[in-house]
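The values are calculated or read from the model by the stated rules, or taken from the named source; none is laboratory data. Since the model is a prediction, treat every value here as computed from it, not as a measurement. Don't worry about glycine lacking a Cβ; one is built from the backbone with ideal geometry, like all the others, and counts go over all protein chains shown. To get the accessible areas, we keep the full protein, side chains included, count just its heavy atoms, and leave off ligands, DNA and RNA. Shrake-Rupley method; radii C 1.70, N 1.55, O 1.52, S 1.80 Å.
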Amino acid sequence: MSVKSLKDRVTLVSSDVLADDWVPLVKHTIDYERRDGRRERLTREVYNRPDACAVLPYDRARGTVLLIRQLRLPVFLKGDEEPMWEACAGVIEDEDPKEATRREAMEELGYQVHDLQLVTAMYASPASFGERVWCYTATYQPSDKVASGGGAKDEGEDIEVVELAFNDAYDRIATGEITDAKTVLLLQHLKLSL
């Protein structure tokens, strides 16, 4: 017996917007045919975040990476009182992921980045978020710093740019200082690539 595709097993019954302030939160009701053929009605709440991009710039000659630190309210509310260590990231607007990555690197880091290499396009929390994050590594050198960085102040961003030795950054995963999924993934990927 062959299993039907999900497209043939899921019927959207209704979609109700619960909130639409920062990111739309939609409650979906579906009829779902399980693999054993039984049908059931399910409800799921989905944050409809747009796709995003992230980049970990690496200076091979000096063995350094560029990271950012900033307030992340959900993390702070969980009791983490330090700014979060992250790879530079942002929302993809009306552009392709590589263009968005270059724009975000300039806006947040103040650097032009080169040799963008796609590591993966991942769903970090697919149970609730529709956001896919396009994760890249890139190269940079000191002369590529052409702007102040720090993020878009009109969007409430207050971003600290930090250049670290790669090994120092990588070791912060084990100490629990770096816990952001996209950043862990990119550091692990770079470690395997060196």
Helix-only [θ]222 nm of the chain, DSSP H runs n ≥ 4, -39500 (n - 2.57) each, per residue, nearest 500: -5500 deg cm²/dmol
Net charge, Ala54 excluded, C-beta distance under 10 Å - Lys, Arg +1, Asp, Glu -1: -2
Taking Lys and Arg as +1 and Asp and Glu as -1, residues besides Ala87 with C-beta under 11 Å from its C-beta add up to -3
Return the carbon/sulfur percentage of the accessible area of the chain, one whole number, probe 1.4 Å, all protein chains in place. 50
Classify region 1-76 as rounded, prolate or oblate from the Cα gyration tensor: take a ≥ b ≥ c as the square roots of its eigenvalues, call it rounded if a/c is under 1.5, otherwise prolate when a/b beats b/c and oblate if not. oblate
What's the extension gain from Ser143 to Trp22 if we count 0.36 nm per residue and subtract their Cα-Cα distance? 39.9 nm
Rolling a 1.4 angstrom probe over the protein heavy atoms, how many square angstrom per residue are accessible across the chain? 60
Go through Ala121, Pro57, Leu73 and say which Cα lies farthest out towards the positive end of the charge dipole of region 1-151; charges sit on Cβ, +1 for Lys and Arg, -1 for Asp and Glu. Ala121
How large is the charge dipole for region 36-183, taken about the Cα centre, if only the Cβ atoms of Lys, Arg (+1) and Asp, Glu (-1) carry charge, to the nearest 20 debye? 540
Might you report the magnitude of the Cβ-based charge dipole of region 97-160 about its Cα centre, with Lys and Arg at +1 and Asp and Glu at -1, to the nearest 20 debye? 280
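Which residues make up the longest stretch of the chain clear of trypsin sites (Lys or Arg not before Pro) that lie in a DSSP loop with no more than 14 other Cβ atoms within 10 Å, not counting the sites?
With a cap of 14 other Cβ atoms within 10 Å, the longest stretch comes to 79-194.
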